[in-house]
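Visitor: Take a look at this one; I'll ask things after.
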Amino acid sequence: MLNFYVRSNFMEKYNPQEIEKKWQQIWDAPDYYRTDIDNEKPKYYALEMFPYPSGNLHMGHVRNYSIGDVVARYRSMAGFNVLHPMGFDAFGMPAENAAIAHGVKPGDWTFANIKNMIRQQKAMGLAYDWEREVETCRADYYRWTQWLFELFYKRGLAYKKEAAVNWCDTCGTVLANEQVVDGKCWRCDHEVHKKNLAQWFFKITDYADELLADLEKLTGWPNRVKIMQENWIGRSEGAEFSLEVVDSEEKISVYTTRPDTIFGITFMALAVEHPLIEKIIAGKPNETEIREFIKATRNMSDMERTSSESEKRGIFTGAYCVNPVNGRKVPIWITNYVLYEYGTGAVMGVPTHDERDWMFATKYGLDKILVIDNPAAPLELSKMDNAYIDAGVMVNSGEFDGMQNETAKSKIVDWLEAKKIGTRKINYKLRDWLISRQRYWGAPIPVIYCEKCGEVLVPEEDLPVLLPDDVEFKQGALSPLSTSKKFNDVKCPKCGGKARRETDTMDTFICSSWYYLRYADPHNDKKPFDRDKVNYWNPVDQYIGGIEHAILHLLYSRFFTKVLRDAGMLDYDEPFTNLLTQGMVIKDGAKMSKSLGNVVSPEEIIAKYGADTARLFILFAAPVERDLDWSDQGVEGSFRFLNRVWRILGIFEKAIKSGAENYDAETLTAEEKDLRRTLHKTIKKVTEDLHDRFAFNTAISTLMELVNAAHSFQDKLINPNLAREFANNLLRMLAPFVPHISAELWSQFFAGDVHKQSWVKFDEAALVEDTIEIVVQINGKVREHATVANNLSRAELEKIAPNLPRVAELIAGKKIVKIIAVPNKLINIVVK
RNA sequence: GCGGACGUGGCGGAAUUGGCAGACGCGCUGGACUUAGAAUCCAGUUCCUUCGGGAGUAAGGGUUCAAAUCCCUUCGUCCGCACCA
C-alpha cells in the first residue's frame, strides 16, 4: 500500500522566490524562446503594445504582459509556431526632460530605464524572444524610420506646408490633431493653442476612404474602437458648389451635406481665416471693426472656438453673393463658428434647417426662408422657435417643390452638376498627420534645405541621420538640434552647395507605426524588413493593449500598413487581425497614480508573493476587457491557491510518482471516476476559455474547482494512475498562467519541460455520466430534482415526471396542461 | 445633444444557445487542529420566513411553458464624439 501522506522534504513548502529565480535562469538561455519560421506549423503572432521606457513597470504593464503571455504560451502548447516579441518605444520627451532637469544624456537615461524594465519583465516570467527586441531610439532602428519617411516622401505622402498648427507650450512642440484631447495636450494636459508654422505632414487623408471601409474587415476588433475610428475619420457625403460675389470676379465655394436646403440660403458664413476676406473688406467703411473681430476670434483658444456651447458671433462684410439656384442676393458674414480647416472654410447659412444658422440668424436679425415643410404638422415660420432639421416636403424651392427632401438632395446635385455650378463631394474630418516635432529625442527628419535645390532628401546611403550630442536642451520654437554645430554643418547632396538640415524630429508615433514589422526581421541591415518574413509572421494575430490608442497608434499603424502594401513591401491590408483592449488597473475607485498615492508596485508584489501569484491574481480578478480592482486580500487568495496546488500534489506525491501513464479508467472507484470526470470537464472548459474567449478569470475558477475536488482525496488513498493523470493535466493547464510553479512541479514528476508539452486533450468518454440530475419545475418553479439515465428521451421524461412522489403530491387535483421536457436539463409541468 | 457599453449578494465577479441565479475568489460566521496565535482543513454565508415556503438580477411593462439573457418605456453609471455645415 502506498504511504500517501509522507511528503518529500522538497514538497513541504511552496517557495516562489527560490523556484522563480531558478526557472528564470533556465529561460534566459539564448535559445530557449528563439523563434524561427517553421512551415510545418500554423504561425501565431501574439503582441502586446510595447512600452515607453519610463524606468519601471506599473500594474497596467503587468496586466498587459500577463494576458499576452497566457496567449503566447497557450498557443505554443496548442501547436502553433508563436512569435512573441518585446521592445521599447524609446524616443520621447521624458528622456529629454530628464536631460534638462538633471543633466543626464537622454540616451543614457533611456538605456538605463530599458535595462531595468527588462529585468522586471524577466522577473515576471514572460516568454519573449529577446533576440528580436527592438529599441526605436537606436540608430539601427531609426535609420529605417528615416528610410520610411523617405519612402512616404517619394510616394507624395510627406509634404511640408505652413499651417495653423497645435502648439503645446509645456511640451515645446507642435502636436497632431489626434494628440489634442478636448483642446489639451494628450501628454501633459496643458491647453494647446494655434501657431502658424511650416511643418511636415503625412498625407493620411489620401487613405481616409480605405481606412474607413476596411474597418469592416476588422471583425476581431472591439466595436467601440471601430466606432471611434469611424467618428474620427468622419466621412460625409454632400455637394460642393460656388456662389458669385456681387460686383466682383470672385466666387465663394461651399460644401454642404444638405443640398436640399439650398433654396433656403439667406446668408453666407466665412471662417475668419478665409482668404477671400482680404479682398472683399478692403475699403469697406467698417474695415477696422472687421479686423478687430477677426483678431479677437483668432486669439480665442481652440477649446472656446470649437465648443458648441460658445455663442455664435459674426460681422457683416458689406459684400453680397448670389445664390445660383434662385438668384437671391445674400449678405456675406464672417463668423466665429465656421472652421477653416474643414470643407471650404465657408458655409451656406440656412437658418430654417440648421440649428447653428438659426441661432446666428436670430441673433443678427437675418432673413429666414422655409424650404422643407413637415407633412405631419405644417410649419409656420412666425411660430417656429428653432430650426426644422427632420425630413419633409420641399417648398419654396422652384421646380423641386413637393418632392421628398431626401429625393431632392440627389436631384438638386444633379441639377448643380448639369449647370456646372457644383459637384458631388465627399468630405472627411480626418486631417493630415502633422509629424514634425521641435524636440531632440526623436528620429531626425532626413531632409536638407539647399539654397539652390530647395528641399532635398538625405541620400539613402547616408542614412541614418544621427542625433548629434553637442546640443543645448532649451525649450523654444526650434528643436535643440538647431543648436548643434556638427549637425548643421552640411552641404547639399545634389549640388554640393550651401545647405542646412531640417532640425525637427519625427513624432514618436511614426516609430511605433511599424515596430511590429521589424520584429519579423529585427537585424536586417539592408532594409526595414524582408518581405517574405513579414508576410510569414504578420499580420499580428492577437494585439493587446490599452484603449487609449483606439485612434492614435492604431490608426497610424493601419495607415502605414496600407502605404507599405501599396509600395509592394507587404501583401495584406490590415496590421492587427484581432485586438484586445484590456481594462485599467484601479485601486480605491481610481486609476493608480502617484498623485493619488494609490500605486501598488509590481516589484514589491513579486518580491513578496512571486510573479506567479501576481499574474494569477491579475488574470483572475476581472475579465480582461473590464477595469480591475486591485485587492491586497485578493492577492492573498491567489497565493493561497498556488499553495493548495503545491500541497495537494505533495499529498499525492508518491501516488503520482508510482502511477502509470496509460491505464484502464474502468478500474477506478465511483469517487475516482467523479474526479476524473471533473478533470476532463475542466480540460474542455479551460481550452474553450483560452482558445475562443480570453476568459482567463473563468478558466482559473474552473481550475480552482478542480483542485478543490481533488481535496476530497487528501486523507484517502487515490488511485496512482489517476493521481498521475490529474497532476499531468493540471500542470499543463496551469502552465500558461503560472509558468514557474508549473515548470517546477512538472519537473518533480514528469520528464521534459512543461512549456514544451502539447496542450491537454479531453477524453470524451470521461465526460459521460451514467445518470444525470435534472430539474423538475411546476409552472416554471423548481419543485424537485430527479436523477435519471443519461440522454433519457423526451417522451420518457414526460412519463416519469408527474409520477415522482413529491410532484404527484403537488399537482394532485390539478389538470396537466402541458409538459415540456428538455433532455438532460429539465422538465416543466404546466398545471391549472 | 448624438453614438456606444453597462446596471446581478457586503465586495470582485459567474451563468457561452432563453432552461436550477449567485460558480470561483475575497470578506464574514461557526467548527477541527493548537497552551495560544499564525497557517491549514471542514462547514455555512442573496434577502425575508410562521421553516410550509415566499421574494429576488436598476425600476416598470411585454413576449414565452420558462427571461439576468429577447422586446418596449423610464432611471442611473461609465466611455467616446461634440459648431465638421
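Residue-wise test of (1) within 16 Å of RNA strand B (Cβ to nearest atom); (2) surrounded by 15 or more Cβ atoms within 10 Å (Cβ to Cβ).
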| residue | (1), (2) |
| --- | --- |
| A:ILE332 | yes, yes |
| A:GLU341 | yes, no |
| A:GLU355 | yes, no |
| A:LEU370 | no, yes |
| A:LYS383 | no, no |
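Visitor: Please go through region A:565-597 and give me each residue that is over 23 Å from the mean Cα position of the chain (by Cα) and open to solvent by less than 30 Å² (accessible area, probe 1.4 Å), ordered by number.
Guide: Selection gives A:MET569 alone.
Visitor: Which of the helices (runs of 4 or more DSSP H) contained wholly in region A:641-753 include at least 3 residues that are more than 10 Å from RNA strand B (Cβ to nearest atom) and more than 23 Å from A:ALA765 (Cβ to Cβ)?
Guide: In region A:641-753, the matching helices (runs of 4 or more DSSP H) lie at A:653-658, A:739-749.
Visitor: From the residues in region A:303-320 that are in contact (Cβ under 8 Å) with a residue 60 or more places away in the chain and more than 16 Å from RNA strand B (Cβ to nearest atom), which one is farthest from A:TRP167 (Cα to Cα)?
Guide: Residue satisfying both the conditions and the ranking: A:TYR320.
Visitor: To continue, here is another question. Would you pick out the residues in region A:818-832 that are within 8 Å of RNA strand B (Cβ to nearest atom) and open to solvent by 40 Å² or more (accessible area, probe 1.4 Å)?
Guide: Correct list: A:LYS818, A:ILE820, A:VAL822, A:LYS825, A:LEU826, A:VAL830.
Visitor: Counting just the residues of region A:618-640 that are more than 8 Å from RNA strand B (Cβ to nearest atom) and open to solvent by less than 30 Å² (accessible area, probe 1.4 Å), which one comes out farthest from A:SER742 (Cα to Cα)?
Guide: A:TRP630
Residue-wise test of (1) among the small types (Gly, Ala, Ser); (2) modelled with pLDDT of 90 or more; (3) surrounded by 13 or more Cβ atoms within 10 Å (Cβ to Cβ).
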{"site": "A:GLN475", "(1), (2), (3)": "no, no, yes"}
{"site": "A:SER479", "(1), (2), (3)": "yes, no, yes"}
{"site": "A:CYS492", "(1), (2), (3)": "no, yes, yes"}
{"site": "A:MET506", "(1), (2), (3)": "no, yes, yes"}
{"site": "A:PHE509", "(1), (2), (3)": "no, yes, yes"}
{"site": "A:TYR515", "(1), (2), (3)": "no, yes, yes"}
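Visitor: Can you work out which of the residues in region A:357-367 that are charged (D, E, K, R) and surrounded by fewer than 18 Cβ atoms within 10 Å (Cβ to Cβ) is nearest to RNA strand B (Cβ to nearest atom)?
Guide: So, considering only residues that are charged (D, E, K, R) and surrounded by fewer than 18 Cβ atoms within 10 Å (Cβ to Cβ), the one nearest to RNA strand B (Cβ to nearest atom) is A:LYS363.
Visitor: Still on this structure, I have one more. Has region A:751-763 got at least one residue that is farther than 30 Å from A:LEU619 by Cα and open to solvent by less than 80 Å² (accessible area, probe 1.4 Å)?
Guide: no
Visitor: With the requirement that a residue be within 12 Å of RNA strand B (Cβ to nearest atom) and either assigned to a helix (DSSP H, G or I) or in contact with a Gly (Cβ under 8 Å, 6 or more places away or on another chain) (or both), what does region A:783-796 give you?
Guide: A:ARG794
Visitor: Can you tell me which residue is modelled with the lowest pLDDT among those in region A:271-299 that are of a type in the set (A, V, I, L, M) and open to solvent by 40 Å² or more (accessible area, probe 1.4 Å)?
Guide: Within region A:271-299, the match that is modelled with the lowest pLDDT is A:ALA282.
Visitor: A further question on this structure: A:ALA78 versus (1) closer than 27 Å to A:PHE696 by Cβ; (2) modelled with pLDDT under 95: which is the lone unmet condition?
Guide: Here A:ALA78 clears every test but (2).
Visitor: Identify, please: which residue in region A:412-451 is of a type in the set (D, E, K, R), part of a loop (DSSP other than H, G, I, E, B) and over 30 Å from A:VAL471 (Cβ atoms) and is, among those, most open to solvent (accessible area, probe 1.4 Å)?
Guide: Of everything passing the filter in region A:412-451, A:LYS420 is most open to solvent (accessible area, probe 1.4 Å).
Visitor: So is A:TRP759 part of a loop (DSSP other than H, G, I, E, B) and either out of contact with any Asp or Glu (no Cβ under 8 Å at 6 or more places or on another chain) or hydroxyl-bearing (Ser, Thr, Tyr) (or both) or not?
Guide: Taking the combined requirement at face value, the residue satisfies it.
Visitor: Looking only at region A:532-558, count every residue that is open to solvent by 10 Å² or more (accessible area, probe 1.4 Å), in contact with a strand residue (DSSP E or B) (Cβ under 9 Å, 6 or more places away or on another chain) and more than 28 Å from A:THR205 (Cβ to Cβ) and tell me the total.
Guide: Within region A:532-558, residues that are open to solvent by 10 Å² or more (accessible area, probe 1.4 Å), in contact with a strand residue (DSSP E or B) (Cβ under 9 Å, 6 or more places away or on another chain) and more than 28 Å from A:THR205 (Cβ to Cβ) number 2.
Visitor: Residue by residue through region A:324-335, note down the ones that are touching a residue at least 12 places away in the same chain (Cβ under 8 Å) and out of contact with any Phe, Trp or Tyr (no Cβ under 8 Å at 6 or more places or on another chain).
Guide: A:ARG328
Visitor: Further question on the same structure: Say whether the condition of being assigned to a loop (DSSP other than H, G, I, E, B), crowded, with 21+ Cβ neighbours inside 10 Å and either modelled with pLDDT of 95 or more or among the hydroxyl-bearing types (Ser, Thr, Tyr) (or both) is met by at least one residue in region A:395-411.
Guide: yes
Visitor: Of all residues in region A:189-223, which are under 18 Å from A:LEU564 (Cβ atoms), basic (Lys, Arg) and open to solvent by less than 70 Å² (accessible area, probe 1.4 Å)?
Guide: Result: A:LYS203, single match.
Visitor: A further question follows. Go over the candidates A:VAL165, A:VAL181 one by one and state the one that is farther than 28 Å from A:ALA567 by Cα, open to solvent by 60 Å² or more (accessible area, probe 1.4 Å) and within 16 Å of RNA strand B (Cβ to nearest atom).
Guide: Only one candidate passes the filter, namely A:VAL181.
Visitor: Find the residue count for region A:660-694, including only residues that are open to solvent by less than 50 Å² (accessible area, probe 1.4 Å) and under 22 Å from A:LEU717 (Cα atoms).
Guide: Matching residues across region A:660-694 total 10.
Visitor: Could you please find all residues in region A:598-613 being in contact with a helix residue (DSSP H, G or I) (Cβ under 7 Å, 6 or more places away or on another chain), open to solvent by 10 Å² or more (accessible area, probe 1.4 Å) and in contact (Cβ under 8 Å) with a residue 40 or more places away in the chain?
Guide: A:VAL600, A:PRO602, A:GLU603, A:ILE606, A:TYR609
Visitor: Is there a residue in region A:251-266 that is within 10 Å of RNA strand B (Cβ to nearest atom) and surrounded by fewer than 17 Cβ atoms within 10 Å (Cβ to Cβ)?
Guide: The answer is yes, given that some residue of region A:251-266 is within 10 Å of RNA strand B (Cβ to nearest atom) and surrounded by fewer than 17 Cβ atoms within 10 Å (Cβ to Cβ).
The values are calculated or read from the model by the stated rules, or taken from the named source; none is laboratory data. In this text the structure is predicted, and so the values were computed from the model without any measurement. No Cβ is skipped: glycine too gets one built from the backbone with ideal geometry, and neighbour counts run over all protein chains shown. Accessible surface is based on the protein model in full, side chains and every heavy atom, while ligands, DNA and RNA are left aside. Shrake-Rupley method; radii C 1.70, N 1.55, O 1.52, S 1.80 Å.
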